[in-house]
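Following: one structure in structure tokens, then a few remarks.
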Amino acid sequence: RLVTGFAPGAFEGTELKAKFIEALFVASEWSSSWSQPIPKPRETNILLLFRTLANVFQEKISLSGTWSGKTLEYLSQTPYSALNKAQRVALATILFNASCVALRTPVEKVFFQQLISLILQILNSENVDSEAAYRALVGLGNLLYAAKAQSLLNIGNSGDIVR
């Protein structure tokens, strides 16, 4: 987590970054069952994974390569109801940080669609924690602004966001 936060240049190559991200998901036992209760060590590892990913999506990060889309693909597999409060806030922080990157860096339409889909999943599922919902809402606002600036949003298809 510290390496991603304080030495982001350590993963400049997209192939190295993809392998690192993949290793994080493996270490957190991501593909294991999500049945409740989740063992405490795995719960902690998932929280650390989310916090590390939040550090990865920094202002000057390059979204080139497959790592960013693959990361969002993994995150979309998360059964939100299985997460505790800290994990929910950390997941919302990842999406918020990714939306901040989208404000400063041109993003591919696929990445935009994945990100907005994840944010909407949180907003549809969150009924307890206002902090996670707030971060997701700010991320949604960032994405809408970025989409307008980058011509990523077709107004005719924006009904998905309003639902």
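The values are calculated or read from the model by the stated rules, or taken from the named source; none is laboratory data. Predicted model only: the values in this text are computed from it and were never measured. As a convention, Cβ positions derive from the backbone with ideal geometry for all residues, glycine included, and neighbour counts pool all protein chains shown. Heavy atoms of the whole protein, side chains included, go into the accessibility calculation; ligands, DNA and RNA do not. Shrake-Rupley method; radii C 1.70, N 1.55, O 1.52, S 1.80 Å.
Pairs to check: K19/K148; K17/K148; K60/K148. Give those whose C-alpha atoms are more than 24 Å from each other in this structure. Flagged as over cut-off: K19/K148; K17/K148.
Restricting region 40-121 to trypsin sites (Lys or Arg not before Pro) that sit in a DSSP loop and have at most 13 other Cβ atoms within 10 Å of their own Cβ leaves K60. Judged by the mean number of other Cβ atoms found within 10 Å, the most tightly packed of the peptides 134-143, 15-24 leads the ranking 134-143, 15-24. Ordered by solvent-accessible area of protein heavy atoms (1.4 Å probe), largest first, the residues W34, W67 come out as W34, W67. Based on C-alpha pairs under 8 angstrom that are at least 6 apart in sequence, region 28-128 has a relative contact order of 36 percent.
Modelled label positions at E131 and S81, each set 7 Å beyond Cα in the direction of Cβ, lie 2.4 nm from each other. Note on K40: lysines with a C-alpha under 23 Å away, same-chain residues under 8 apart excluded, are K85.
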